[in-house]
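Here the structure comes first, spelled out in structure tokens, and everything after it is commentary.
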Amino acid sequence: MAFEMVGACPRCGKDTSVEIGESLLKIGRTREQPVRIASCGNCGLIFYEKIDKIKEF
Ligand SMILES: [Zn+2]
């Protein structure tokens, strides 16, 4: 697989979405949330999926 699988599409619910990139969403003034940018292979919806860090201190 060339793409890492991400979660199901929030619109059509199909599990055909693929990661097309990563970005940082600004939350408030100082915080940033790393997200995956994913594209649904079924309906073409572009959506963000939160990346949870494994460890956070
Ligand atoms: Zn979809």
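Summary of values
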item	result
First in the range 29-42 and assigned to a loop (DSSP other than H, G, I, E, B), second anywhere and of a type outside the set (K, R), Cβ under 7 Å, 6 or more apart	G41/T16; G41/S17; G41/V18; N42/C9; N42/C12; N42/T16
Output for the range 9-21, where each listed residue is surrounded by 14 or more Cβ atoms within 10 Å (Cβ to Cβ) and more than 10 Å from the ligand (Cβ to nearest atom)	V18, E19
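Taken together, the values in this text are just the output of simple stated rules run on the coordinates, not laboratory data. Note that the coordinates shown come from a computational prediction; the quantities given were computed from them, not determined experimentally. Note that we place each Cβ from the backbone using ideal geometry, even for glycine, and neighbour counts take in every protein chain shown.
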